[in-house]
Amino acid sequence: MRGIDGPGKATISGFPTHEAGSPDDPGSAVRFQQAGQSSCFVGEQARGEPQGDSAPSSSNNPRFIGDLGRPNFTRLAPDSLHLPSGVFEMVAEKLRPIDLVSMSQTSRQLRDATRLSAEVHERRQRAIQVQFVWNALTARRPGIADRFAALLAPGVLQSLAPNIDCLTGAQQEDVVGLVEGVDDPAERLLALGGLRAGMTGLAPALHQRLVSLADQFEAPSHRAWALVGLGAGVGRLAPPLQQRLVDIAVQLAEPTDRAWALRGLGPGVAGLAPPLQQRLIVLTEQLADPLDRDAALRGLGPGVAGLAPPLQQRLVDIAEGLADPLDRAWALAGLGAGIAGLVPALQQRLVNITEKLEQPAHRARALSGLGAGMAVLAPALQQRLVDITEKLEQPAHRARALSGLGAGMAVLAPTLQQRLVDITEKLEQPAHRLSALAGFGAGVAGVAPALQQRLVDITEKLEQPAHRLSALAGFGAGVAGVAPALQQRLVDITEKLEQPAHRAQALAGLGAGVAGVAPALQQRLVNITEKLEQPAHRAWALAGFGAGVAGVAPALQERLLDITEKLEEPAYRLAALEGLGAGVAGVAPALQQRLADLADSLAMPADRARAFAAMLPRRRDEQRE
């Protein structure tokens with residue numbers, strides 16, 4: 001096999017087979033072992049602290065030990081642990097996932113305490129999973145001088161960042177030190193941006209180092225982009241650090257740089273002190289170029305819910321005051337991401353501004369952005385948005401509006417859902433119908449079965465195979481929520497696509513919802529994948545299954561792994577692993593082991609790092625604050 005390592009590859013660490021204090025493991029700590037090294041523990045350990053050399057070494061391959069994602073969870077009664085009701089939950093809520101692991105290693109009672117709550121147990125399991133991947137990424141390997149260099153492979157830091165609270169303090173320092181040590185400013189900027197989603201999970205002392213790093217860039221444009229990287233977490237920083245980041249934005253001389261800084265800081269604006277929020281609004285008001293104001297509003301839109309109503313009003317004033325209607329349309333689309341957080345009177349003003357745009361193309365552009373928050377609008381405002389869409393004369397404009405409004409379709413009243421489907425059916429050009437179907441996406445799961453059927457009918461009637469496959473891919477995860485008979489029709493359409501590349505692309509879309517379809521249909525999707533002759537097509541299809549692989553039968557999981565193992569080209573194997581890795585926590589231990597072996601078999605360090613990083617938990621909703 002080209003690019004695949006043979007025997008003798010480095011050993012990396014694994015997950016624990018047994019909990020602390022179990023009969024099979026008399027020790028009180030979970031061991032993560034590496035070849036040629038003594039065992040190390042998940043718990044915090046001072047640098048330079050000696051570790052026992054008598055620990056057993058692991059085998060010569062990556063070792064997943066135990067079932068990582070679907071543990072046999074059994075809730076225990078609080079009185080069985082002699083803990084007052086609610087005490088442990090109160091403590092656990094304040095702990096990081098990695099702290100839960102360390103705590104559970106100290107005694108059987110505390111280990112069992114993590115099973116009082118499914119949520120606490122899940123966080124602990126996530127930390128164990130992250131520790132496995134961390135050890136895999138940083139394992140010492142022959143010929144590699146810097147064992148942390150793998151963290152700089154494309155996408156690795158981005159995958160690690162949301163799980164940064166699953167690293168020990170020393171490991172977090174290693175990550176920040178790695179970013180600080182990148183010599184090239186542009187590369188350092190990319191590395192800093194990779195930590196964007198993990199800012200709030202870092203220790204406070206490390207926050208200060210990253211803010212200093214942003215301030216030390218010589219080029220103003222680099223400082224602006226550093227704020228794009230750090231801005232999402234600005235609301236969770238200490239007040240002095242918040243002020244330093246706002247100062248960086250204010251001190252930028254070029255308006256375009258200030259606009260990009262505002263775009264970066266915007267998502268975290270809700271957590272800033274009111275005086276700092278006001279400074280950012282003033283900075284936005286001072287931008288003369290409409291394009292710069294648009295960039296700023298698009299950044300501030302998602303965080304607008306955290307602003308006081310007077311500041312929200314000033315942002316709406318900025319949008320309404322733009323002289324060029326096209327600029328107003330873009331500004332409305334930018335604020336659309338945060339429309340759900342505006343007070344009702346301002347929500348109504350945005351709809352009013354949209355209605356008053358004279359050019360249909362401008363109204364369509366505004367609607368494509370406002371749809372993101374449609375779910376929380378008052379029914380009367382929802383109806384007005386649908387009215388505006390219906391009155392657009394050009395099919396292209398209606399399609400563009402539907403591409404935005406479709407995301408909120410599931411929460412609309414049935415009559416409004418029906419009207420959106422009516423508009424879609426009347427679009428004559430296949431490209432326009434595709435645009436509308438793509439907008440519905442996962443939202444199709446929330447509509448009535450009769451409307452789902454009409455959307456499937458639209459898909460079936462598309463004459464060009466390329467159009468049908470695009471429509472199938474558009475359903476994506478939404479396929480799990482449609483009626484079983486309609487799921488079968490979608491699989492039928494996929495099977496009947498003549499071009500293998502088309503079938504692969506359709507599978508890449510439908511795979512996201514595979515966990516929600518009937519077992520017989522899951523088997524048919526795997527059959528289609530197996531029959532693809534070209535390795536590139538099989539890799540493409542496998543990548544689409546992603547996290548959905550956790551929801552298919554074990555026998556089908558094994559077949560998907562078989563297909564992956566037979567991919568000889570490293571690029572194709574990597575593509576498949578980057579997809580399937582998302583579901584690693586939901587497959588059987590033996591298959592987890594095979595995934596780890598496949599990742600470790602990649603010869604190129606960057607490929608190997610990307611494959612292991614794909615096994616990191618994908619959850620984004622549990623970052624300890």
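Read-outs: derived from the displayed coordinates by stated rules, not from any lab. As the structure is a computational prediction, the values presented were derived from the model and not from experiment. Don't worry about glycine lacking a Cβ; one is built from the backbone with ideal geometry, like all the others, and counts go over all protein chains shown.
Under a plain spin-label model, where a point goes 7 Å from the Cα along Cα-to-Cβ, how far apart in nm are ALA485 and MET90?
Output for this residue pair reads 5.5 nm.
If the viscosity is 1.306 mPa s and the temperature 10 °C, what translational diffusion coefficient in µm²/s does Stokes-Einstein give for the range 461-507 when Rh comes from Kirkwood over Cα pairs?
149 µm²/s
Given a Förster radius of 56 Å and the C-beta distance between THR415 and ALA203 as r, what FRET efficiency does 1/(1 + (r/R0)^6) yield to the nearest 0.05?
0.60
Between the range 562-601 and the range 125-194, what's the alpha-carbon centroid distance in Å?
Rounded to whole Å, the Cα centres lie 21 Å apart.
Grab the Cα-Cα distance for ALA518 and GLU355, subtract it from 0.36 nm times how many residues apart they are, and report the gain in nm with one decimal.
54.2 nm
Based on the mean of other Cβ atoms within 10 Å per residue, sort peptides 527-533, 266-272 so the most packed one is first.
The most tightly packed comes first, giving 266-272, 527-533.
When N is the residue count of the range 497-624, what does its C-alpha Rg come to as a fraction of 2.2 N^0.38 Å?
Ratio of Cα Rg to 2.2 N^0.38 Å: 0.99.
Give the Rg (one decimal place) followed by the Dmax (whole number) of the range 317-454, computed from C-alpha coordinates and expressed in Å.
14.0, 45
Measure off 7 Å from each Cα along the Cα-to-Cβ vector at GLN394 and ALA378, then give the distance between these two points in nanometres to one decimal.
Between GLN394 and ALA378, the simple spin-label model gives 3.2 nm.
In a shell of Cβ-Cβ distance under 12 Å around SER403, excluding SER403 itself, what net charge do Lys and Arg (+1) and Asp and Glu (-1) give?
Here the charged neighbours net out to +4.
Relative contact order, percent, of the range 84-144 when contacts are C-alpha pairs under 8 Å separated by at least 6 residues?
Relative contact order here is 31 percent.
What are the extents of the Cα atoms of the range 375-505 along their three principal axes, listed from largest to smallest and rounded to whole Å?
46, 31, 19
How long is the range 84-144 along each principal axis, judged by its Cα atoms, biggest number first, in Å?
54, 20, 16
What order, most packed first, do the peptides 248-261, 498-511 have when packing is the mean number of other Cβ atoms within 10 Å of each residue?
498-511, 248-261
Taking 25 Å as R0, compute the FRET efficiency from the Cβ-Cβ separation of LEU326 and GLN348 and round it to 0.05.
The pair LEU326/GLN348 has a calculated efficiency of 0.65.
Based on the inverse mean of 1/r over its pairs of different Cα atoms, what is the Kirkwood hydrodynamic radius of the range 518-557, in Å?
That comes to 10.4 Å for the range 518-557.
For a quick check of your reading of the filter: which trypsin sites (Lys or Arg not before Pro) in the range 422-459 sit in a DSSP loop and have no more than 12 other Cβ atoms within 10 Å?
Those that pass, being in a loop and sparsely packed, are LYS426.
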